[in-house]
Amino acid sequence: MEHVGEWWTLLILHDAFDGYTRFDQFQESLGISSSMLTTRLNALVKDGLLERRPYQTSPVRHEYVLTGLGHSLRPVIVALAAWGNSRLTPAERSMILIDAHSGEKVEPVIVDAKTGRRLDDSATYVFTAGPAASDAMRIRYATRPADAADEA
């Protein structure tokens, strides 16, 4: 959650999904200060979402490339963008998702891989404590409000 909840992280990753890899590209695209960008890029590398690779030796310069873990956040960012766009008229949307081959606009939804059913119904699909849940998490889900538990 710390990755998705940090504004600059989402913007940097969004740019990385669009093919940006170099410090100056991120800085120009985002209008972020050098110190803030350095801090965020270092955190993304430390957390395994980006890999720092030299692309020039004299002077040494680095690029930031998405790792597999970084790529795995793309559906989250796509879902957040789709959610934001759903609250705007088509004329108000600053970006839309399209099929790269056909150019057709797509409307992302999150579905259950097994059934293909949409997961946006919180009465049908609910969270419960998992195997690694803390005692507090187990208590939280064991004492879910009656209306949510009844709907589950």
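Results, tabulated for the structure shown:
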{"item": "Lone qualifier among Leu97, Leu73 - being within 21 Å of Gly5 (Cα to Cα) and surrounded by 10 or more Cβ atoms within 10 Å (Cβ to Cβ)", "result": "Leu73"}
{"item": "Residue among Thr21, Thr89 that alone is of a type in the set (Ser, Thr, Tyr) and touching a strand residue (DSSP E or B) at 6+ places or on another chain (Cβ under 6 Å)", "result": "Thr21"}
{"item": "Qualifying residue in the range 139-152 (condition: within 20 Å of the chain's Cα centre (by Cα), surrounded by fewer than 13 Cβ atoms within 10 Å (Cβ to Cβ) and part of a loop (DSSP other than H, G, I, E, B))", "result": "no"}
{"item": "Out of Gly68, Gly103, sole residue that is over 29 Å from Leu44 (Cα atoms), modelled with pLDDT of 95 or more and open to solvent by less than 70 Å² (accessible area, probe 1.4 Å)", "result": "Gly103"}
{"item": "The range 61-113, subset among the β-branched types (Val, Ile, Thr), without any contact (Cβ under 8 Å) to a residue 24 or more places away in the chain and outside any loop (DSSP other than H, G, I, E, B), residue nearest to Thr39 (Cα to Cα)", "result": "Ile98"}
{"item": "Failed condition for Glu28, given (1) open to solvent by 60 Å² or more (accessible area, probe 1.4 Å); (2) modelled with pLDDT under 95; (3) in a helix (DSSP H, G or I)", "result": "(2)"}
{"item": "Residue, least open to solvent (accessible area, probe 1.4 Å), within the range 43-60, restricted to residues that are assigned to a loop (DSSP other than H, G, I, E, B) and farther than 15 Å from Ile12 by Cα", "result": "Pro59"}
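Yes or no, residue by residue, for (1) within 17 Å of the chain's Cα centre (by Cα); (2) among the hydrophobic types (A, V, I, L, M, F, W, C):
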residue	(1), (2)
Ile77	yes, yes
Leu80	yes, yes
Leu88	no, yes
Glu92	no, no
Ile96	yes, yes
Asp99	no, no
Glu104	no, no
Asp112	no, no
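The values are calculated or read from the model by the stated rules, or taken from the named source; none is laboratory data. Bear in mind that the values here come from a model prediction, so they are computed numbers and not experimental data. All Cβ positions, glycine included, derive from the backbone under ideal geometry; neighbour counts span all protein chains shown. The accessibility values were calculated without ligands, DNA or RNA, using every heavy atom of the protein model including side chains. Shrake-Rupley method; radii C 1.70, N 1.55, O 1.52, S 1.80 Å.
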